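The values are calculated or read from the model by the stated rules, or taken from the named source; none is laboratory data. Keep in mind that this is a model prediction, so the values were computed, not measured. Backbone-built Cβ (ideal geometry, glycine too); neighbour counts: all protein chains shown.
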Amino acid sequence: MGHPAPIQQFVARAAHAVVALQHFVAFREGCTFALHIAARRGPLEQSAWERLLGSLTGQHPYATPTDAALAFGVRFPDGSTATTIANAFRGREHPTDRPDPPMLIETGGGSSSSDRSYQGDQQLWLWPLPPPEPFEFVIEWPSMGIGTIATTLDGSAIARAAEQAQPYWP
């Protein structure tokens, strides 16, 4: 059972979009990040808004992400990185396959939307645990006017929480 801790930090704000990191849940091998995403249509044409909603709601799960899509990443002090684009995860080929670390993948969420707005919660899985030092959480969402923004997170807080995680079975 993972151990949660709050983050409660806006990582991006633009005229028509907001992304906030709400909390993380640390496990022995990795952690999840819970995000809240809000967008309003603003001047986007209907077809552009529908494409944006489709990309956010997973209506096209095997579509190739575009350069304008919402993307997340991490950058560690040793220079290693992982992004949701580079590590798009469609399932493992074989149960013993393990990707090269680090890996950051989208693991689900829920949302509601209309022809004018979108509200959603999304989870990301980071494997393995980040180092117990500050590292960067990176977001980019060009189609909503958000360039590359890096936010520093406390890796030691995640490491401390992971020490309190408990396995399901002894």
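The single condition among (1) β-branched (Val, Ile, Thr); (2) in contact with a Cys (Cβ under 6 Å, 6 or more places away or on another chain); (3) at pLDDT below 90 that ILE158 does not meet is (3).
Would you confirm whether or not the stretch 83-104 contains a residue that is modelled with pLDDT under 90 and in a strand (DSSP E or B)? No: zero hits. When GLY147, GLY120, GLY109 are checked against the criterion of being in contact with a strand residue (DSSP E or B) (Cβ under 7 Å, 6 or more places away or on another chain) and within 15 Å of PHE24 (Cα to Cα), GLY109 stands alone in meeting it. Close Cβ contacts (under 7 Å, 6 or more residues apart or on different chains) running from residues in the stretch 42-53 that are in contact (Cβ under 8 Å) with a residue 24 or more places away in the chain and closer than 15 Å to GLY145 by Cβ to residues that are surrounded by 13 or more Cβ atoms within 10 Å (Cβ to Cβ) and of a type in the set (S, T, N, Q) comprise LEU52/SER143.
For the criterion of being over 14 Å from the mean Cα position of the chain (by Cα), modelled with pLDDT under 90, within 25 Å of GLY147 (Cβ to Cβ) and buried (at least 19 other Cβ atoms within 10 Å of the Cβ), ALA39 passes. Restricting attention to the stretch 49-72, does a residue exist that is modelled with pLDDT of 90 or more and surrounded by 15 or more Cβ atoms within 10 Å (Cβ to Cβ)? Checking the stretch 49-72: at least one residue is modelled with pLDDT of 90 or more and surrounded by 15 or more Cβ atoms within 10 Å (Cβ to Cβ). The strands (runs of 3 or more DSSP E) found entirely in the stretch 110-170 that carry 3 or more residues being touching a Lys or Arg at 6+ places or on another chain (Cβ under 7 Å) and closer than 16 Å to PHE76 by Cα are 134-141. Selection of the stretch 1-21 for residues being under 20 Å from SER111 (Cα atoms), surrounded by 15 or more Cβ atoms within 10 Å (Cβ to Cβ) and touching a residue at least 60 places away in the same chain (Cβ under 8 Å) yields VAL11, ALA12, ALA14, HIS16, ALA17, VAL19, LEU21.
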